[in-house]
Amino acid sequence: MRYLSFLFLTFFLVSCDKADSPNNEQEHEAITSLALVFTNANFNDTIWFDDPDGDGGNPPILLDTIVLSDSTSYQVSLRLFNKTKTPVQEITEVIRNQGGSHEFYFLPNQLNIQISKVDRDENGFPLGFSSLWQTFQPDSGSVRIRLMHKPLIKGPKDGPEKGHSDIDVNFQVKIE
């Protein structure tokens, strides 16, 4: 009888896939497009990354260059879309509502810019849908933006290597 109980428990544990496993790629929407909305008192622009067929397949059809003024602050908000569905679905709020399992990272490369996340998830941890970008001098380089999926493993000071990437885009940046 104990053997049957053990078999039943083993079968139950093996057959129950945790929906919040950090390696479970099937649990969230495809993210095919990312919009960065830059604003300040004198500026309003939207920068796009667009890969309508999703990861793999055809290369992205749009990857804008970010052009900013030197010695200027920008409020930046991010919007996410799934273009594999008809009609196109904006999934910003879906991912924001799952903020305890997600975090954006902004990784400048050879660029003198400061980027600070403004918003927090329900646990008070950084999220990144809203950020402040401060430029200092004319420069050029890139900013890699990664949305990391971290179910059950997100902490207050995690790095961009923890979890798995839902979207990973490298934008060229010119500061004039």
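Within region 46-55, the set of residues being open to solvent by 40 Å² or more (accessible area, probe 1.4 Å) and either touching a residue at least 60 places away in the same chain (Cβ under 8 Å) or over 13 Å from VAL169 (Cβ atoms) (or both) comprises THR46, PRO52, ASP53. Within region 60-97, track down each residue that is touching a Pro at 6+ places or on another chain (Cβ under 8 Å) and within 18 Å of TRP48 (Cβ to Cβ). The answer is ILE61, LYS83, THR84. ILE115 falls short on exactly one of the conditions (1) farther than 19 Å from ASP168 by Cβ; (2) open to solvent by less than 50 Å² (accessible area, probe 1.4 Å), and that condition is (1). Does LEU36 satisfy the condition of being aliphatic (A, V, I, L, M), closer than 18 Å to GLN172 by Cβ and open to solvent by less than 20 Å² (accessible area, probe 1.4 Å)? For LEU36, the condition - aliphatic (A, V, I, L, M), closer than 18 Å to GLN172 by Cβ and open to solvent by less than 20 Å² (accessible area, probe 1.4 Å) - is met. Any idea which residue in region 58-103 is least open to solvent (accessible area, probe 1.4 Å), counting only those that are among the small types (Gly, Ala, Ser), outside any loop (DSSP other than H, G, I, E, B) and touching a strand residue (DSSP E or B) at 6+ places or on another chain (Cβ under 7 Å)? Of everything passing the filter in region 58-103, SER101 is least open to solvent (accessible area, probe 1.4 Å). Can you tell me which residue in region 123-176 is most open to solvent (accessible area, probe 1.4 Å), limited to those that are touching an Asp or Glu at 6+ places or on another chain (Cβ under 7 Å) and of a type in the set (A, V, I, L, M)? Per the stated criteria, the residue is LEU152. Checking each residue in region 124-162 for being in a loop (DSSP other than H, G, I, E, B), out of contact with any Phe, Trp or Tyr (no Cβ under 6 Å at 6 or more places or on another chain) and closer than 22 Å to ASP51 by Cα picks out only PHE129.
The values are calculated or read from the model by the stated rules, or taken from the named source; none is laboratory data. Everything quoted here is computed from the prediction, not taken from an experiment. Note: ideal-geometry Cβ built from the backbone for every residue, glycine included; neighbour counts use all protein chains shown. To get the accessible areas, we keep the full protein, side chains included, count just its heavy atoms, and leave off ligands, DNA and RNA. Shrake-Rupley method; radii C 1.70, N 1.55, O 1.52, S 1.80 Å.
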